[in-house]
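Okay, so here's the structure we're looking at.
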Amino acid sequence: MPDDIKGPGPIAVRTRFGISMLPAIVYGLLLYLLIWSAPVGGGVSFVTGLFLLPMGIAAVVSAFADPRATATEWHHIRNGWFVIVILLVLSAVVLGEGAVCIVIATPMLGAGSAVGSATTLWVLRRLRRPSATGLVMVLPLLGLPVEQALVFPEKQSEVRTVIEIDAPVKTVWRNTIEIRNVEASELPFTFSHGIVGVPRPENARLEGRGAGAVRHLRWTQGVRFQEVVTAWEENRYLAWDFRFGPEAIPAAIDAHIDVDSSYLKLATGQYLLEPLPGDRTRLTLATQYRIATPMNAYCDFWGWVFLRDFHGAVLQVIRDRAERTVLAGNRS
């Protein structure tokens, strides 16, 4: 444990920190089950679960480990973060929390924990009564019903990615409307797929032609959904609405991210093909989605990260296949 402790008795403070871990972990797990396992009304308590929860956990750690407030603020913050890391590991290994949620939550949990540690230390030094820190500890319980009673503003967002392909429009179109049997070796390394473990695209099968046709998509880890074609201009434009069934994204992947919910809806998508000089093509993939949370800007950032990586992976497969088709035709 860190040694930067003011006043006498650093060993005692470090020992109390070890003892404080058990109540902090138990407290954190109980609140996790209350807030995240059965969200009221199918919603997600973003502020309570991602900010107030770690504040409460950090308050328990600080109040138990250093009730006389002899340690530095940085020492308290590090202690809180240490317990948060343990809880994240437990949530993944024991409770089956998905990697996507953990990655999105970690910055918010770290910030909430730091605020909780600093606030608790301030209370201890000002009031000289460890019991006064109880208010910080119960903040998640106070915030939960308030947050779930609120209605948050909607934000319409779009991620648009462009690639240029050394192949004519007709060739690119054929490799766009259907993308069958994608091999892992065809996909680029991305943060989302290579580090976070987000499912990768495997197959896009087209059923029918024109408006009303359906693209059946399959991703790794059992993800299945459809794209219902709403606009079809041969060799030019393809648009669709997303359709997700109840088992489109297995809960084993991430039980807290629902792409067809009140707080997040993956809505529509389009491919636009534009001919370029020299029998080349500019291909644009755009996806529109809606979010309604108390932290739209933060969630929107992660939407951009994941969709940008997905767009880039799919567009690379289309480009490579179309260019290989042209090369094969030139050789023959």
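Just so it is clear, none of the values below were taken in a lab; they were calculated from the coordinates. Keep in mind it's a predicted model, so treat the numbers as computed, not measured. No Cβ is skipped: glycine too gets one built from the backbone with ideal geometry, and neighbour counts run over all protein chains shown.
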Just from its helices, what would the mean residue ellipticity at 222 nm be for the chain, if runs of 4 or more DSSP H residues each count -39500 (n - 2.57) and the sum is divided by every residue, rounded to the nearest 500 deg cm²/dmol?
-15000 deg cm²/dmol
Provide the per-residue ³J(HN,Hα) series for region 291-296, in order, calculated from phi with Karplus coefficients 6.51, -1.76, 1.60 and θ = phi - 60°, each as a whole number of Hz, with x at glycine and proline positions.
10, 9, 9, x, 9, 4
Roughly how big is region 95-212's charge dipole about its Cα centre, with Cβ charges of +1 (Lys, Arg) and -1 (Asp, Glu), in debye to the nearest 20?
660 debye
For region 155-331, what is the relative contact order in percent, using Cα pairs closer than 8 Å and at least 6 residues apart in sequence?
31 percent
Ranked output for segments 273-284, 258-269, 68-79, 145-156 by mean other Cβ atoms within 10 Å, highest leading, reads 68-79, 258-269, 273-284, 145-156
Give me the percent relative contact order of the chain, please, defined on Cα pairs under 8 angstrom at least 6 residues apart.
19 percent
Long-range amide H contacts for ALA267: which residues qualify at under 5 Å (H placed 1.01 Å from N, peptide plane, sequence gap of 5 or more or a different chain)?
GLN288, TYR289, ARG290
What label, among (i) 25.1, 85; (ii) 23.6, 78; (iii) 19.8, 62, belongs to Rg and Dmax of the Cα atoms in Å computed from the structure on display?
(i)
Quote to one decimal, in nm, the extra length available between VAL228 and VAL162 on full extension: 0.36 nm per residue of separation minus the C-alpha distance between them.
21.5 nm
To the nearest 20 debye, what is the magnitude of the charge dipole of the chain about its Cα centre, counting +1 on the Cβ of each Lys and Arg and -1 on the Cβ of each Asp and Glu?
620 debye
Counting other beta carbons within 10 Å of each Cβ, put TYR237, TYR27 in order, fewest first.
TYR237, TYR27
If each residue of separation counts as 0.36 nm, what is the full-extension length gain between ARG209 and GLU186 once their alpha-carbon separation is subtracted?
5.6 nm
Can you tell which of LEU315, ALA328, SER192 lies farthest toward the positive end of the dipole of the chain, using +1 and -1 charges on the Cβ of basic and acidic side chains (Lys, Arg; Asp, Glu)?
SER192
